[in-house]
1. With the checklist (1) under 29 Å from ILE172 (Cβ atoms); (2) modelled with pLDDT of 90 or more; (3) open to solvent by less than 60 Å² (accessible area, probe 1.4 Å) in hand, flag the one item ARG134 doesn't pass.
2. Which residue pairs have Cβ atoms closer than 8 Å, lie 6 or more positions apart in sequence or on different chains, and pair a first residue in the range 61-76 that is in contact (Cβ under 8 Å) with a residue 40 or more places away in the chain and over 14 Å from ARG203 (Cα atoms) with a second residue that is of a type in the set (Lys, Arg) and surrounded by 14 or more Cβ atoms within 10 Å (Cβ to Cβ)?
3. Every residue in the range 252-285 that is at pLDDT below 70 and touching a Leu at 6+ places or on another chain (Cβ under 7 Å), please.
4. Hey, can you tell me all the residues within the range 381-435 that are assigned to a helix (DSSP H, G or I) and within 31 Å of the chain's Cα centre (by Cα)?
5. What number of residues in the range 70-108 are within 32 Å of the chain's Cα centre (by Cα), among the small types (Gly, Ala, Ser) and open to solvent by less than 50 Å² (accessible area, probe 1.4 Å)?
6. Would you confirm, using the coordinates I've provided, whether ILE198 is of a type in the set (A, V, I, L, M, F, W, C) and part of a loop (DSSP other than H, G, I, E, B)?
7. Take the residues in the range 309-344 that are open to solvent by less than 60 Å² (accessible area, probe 1.4 Å) and among the aromatic types (Phe, Trp, Tyr), then tell me which one is farthest from PRO369 (Cα to Cα).
8. Considering the range 82-122 alone, what residues qualify as being more than 22 Å from GLY138 (Cβ to Cβ) and not aliphatic (A, V, I, L, M)?
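The values are calculated or read from the model by the stated rules, or taken from the named source; none is laboratory data. What you see is a predicted model; the values in this text were computed from it and never measured. Glycine also receives a Cβ, built like all others from the backbone with ideal geometry; neighbour counts cover every protein chain displayed. The protein model used for the area step is the full one, side chains on, heavy atoms only, and it has no ligands, DNA or RNA in it. Shrake-Rupley method; radii C 1.70, N 1.55, O 1.52, S 1.80 Å.
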Amino acid sequence: MSPPDQVSGRDAALAYRPGKERLLPVRSRWLAAAIFVLLVVVLGATLWLVHNYEQSEKQEALQQASLVAAATIRARLGETELALRGLASDLRSGDDARFTAVATELLANNPALLRVELRFGSDLLAAVDAPQPRPRLGPARRAGLAFDTQIALAASRGADRFAYSRPYAVEIPGELPFAVTELAVPVERERRGTLLAIYSLARMLEYFAPTAFLAANEVTLGEVDGTTLARPVSGMPGAGVYRTTVPLELAGGRSIWLRADSRTKEPKLIPNVLAGMLVAAIVGMGIIGGLLGRDMRLRARAERALREQYAFRTAMEDSLVTGLRARDGDGVITYVNPAFCKMTGYRAEELVGRGPPLPYWSSETADVPGQGQSRIREQGDQQQGFETVFRRRDGEQFPVLIFDSPLIDANGEQAGWMDSIFDISEQKRIEELSRRQQEKLHQNARMALLGEVSSSLSHELNQPLAAISGYATACRNLLANGKQTDLDVALSRIYSQSERAGQVIRSVNDFVRSRKLDRAAIDLSDLMRALEPLIELQARELGVRLAWRADPGAVVMADRTMLEQVILNLTRNAIESMESTPPESRLLEIEISLQDAGDGPMVEIAVLDRGTGVSVEASKHLFSAFFSTKEQGLGIGLSLCRSVVEQHGGQLRYREREDGGARFSATIAAIGSETS
């Protein structure tokens, strides 16, 4: 209600009611009391929460420090395990002299180690004790191995891995009893051996755990049932307020427990100064709240106008099929529209605020802000769009066309870039389909032409070859009773080559018609002797020297004619590739070797040249039909060779030679030397 000096006339009459002047002070007192109680409750709750928070924070800090200490101890143990693994490797190779040197170095650098032993079975072969003032375990070990040690030895040898023994107490005359654990490392030799490294648990704590951790806490090592195994020599007892237990994992599934009792006492209550500061803060917040109330009415009107504008803009953006994306100068996304989210499969919340690398980038491309504008400046054209590849959420990659333009803020300065993005997957798919159809039509035309040529060639060659075969047979019959042996040899070769030419034509026809191959056992040494004159005839034209070798027993089950064609085709390609090679380096090598594969013996036929080789790009399509690196080549030779080798259950491979040239190799299953 307004003050009395501001109320007059009818307003004052209406404002006055009997007892009202007493009602307002009573309500004010109740309101003040409620506020006071509320402040007291808030202050008490705050102090209680701060107290509990400090307790939980110190408990968590102790837990974290204990985990770090356990990890530190485990890391130091791991260093010794690694050194013993290396020593075991040296001993496995018979280097027994390394044991004493490595063991002495380990004991000098590891204060927790008491002794390192080399045993074969239960027999002690060699041992090195730690230097003074560490306890000497030599007398205690003469009584025999402890039961827990024998279990660790058996576990290490049986599983061929590290194994720690269960901790046990050792009593030495003149020394206090102390707990040890033993690390067993297997050594494979003519008989199974083991390296044993004996750790003192107390010294492990004292020298491996962080010094600050030991100074701030009472630290012990114990069993899972609560039994204490070891504690540092020095140290004050813990306060009993903050305690924690963490496992210390050892190799072989063994673990002991690291217990820490902090020496920090329970925190005291926060001083009353905080309560006064809290009251002042609450009053200040009330004043600020009143001022904010006035501003809220002004903001409500402005927000209403903004909501209307935002709804209008959102309706326009949702109707677009073009993806919109805004980024600042550093490439951080500040805005995306629904069409862009649908295009990439990511929600707006997952993209806004993200910077490079962005989740929709592919492995090959990454669009940089202003990339389109940079290309305009470099190329001098007005085409703002540029193509790149994006990746959807499910991993599918798709091409996009991006148009970018500067994004200007309210001050007229460039704040980033606005991109318009079009998914051109369908356009690219149609273009690729058209290209493939054109290639397929072209290949079909070439295949039809090749079929016509081969059919015509087969028809034209069969008759003269048959005539040659007939004449050669007649000559041999006429000379059967004569003594002109040289002429008989020449006519025999004419006969064999004419038969071979006819067989080539029949084999090609059978191969094209997918008929069954005529397989037989073939000794590749005999095959190479028969092909050597033909290969040398080809090589002599370019001055290429021939060198070949074949392992004894290289016998395969194959179609002889088709296998001959594979070798002749590969050697012809190799000879032609050395046309530009210096004459003294023109060497054609053929290696036929037996190899032991997982599925049985294999025969590899390798043709090596010192030619120009094959480019990286051409090697990707080397065995594709109608692909050729020769100007006049049809592109079917290597493809046909690969088909022949694969029909025999083998593989045809290409590899570049380190000293220049190419290496083509065909592998076919061997049938064993006993069949040769």
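1. Unmet condition: (2).
2. Final answer for the pair search is LEU62/ARG243.
3. LEU269, ILE270, ALA275, LEU278, VAL279, ILE282
4. Passing the criteria: only SER425.
5. Residues in the range 70-108 being within 32 Å of the chain's Cα centre (by Cα), among the small types (Gly, Ala, Ser) and open to solvent by less than 50 Å² (accessible area, probe 1.4 Å): 5 in total.
6. no
7. Among them, the one singled out is PHE340.
8. ARG85, GLY86, SER89, ASP90, ARG92, SER93, GLY94, ASP95
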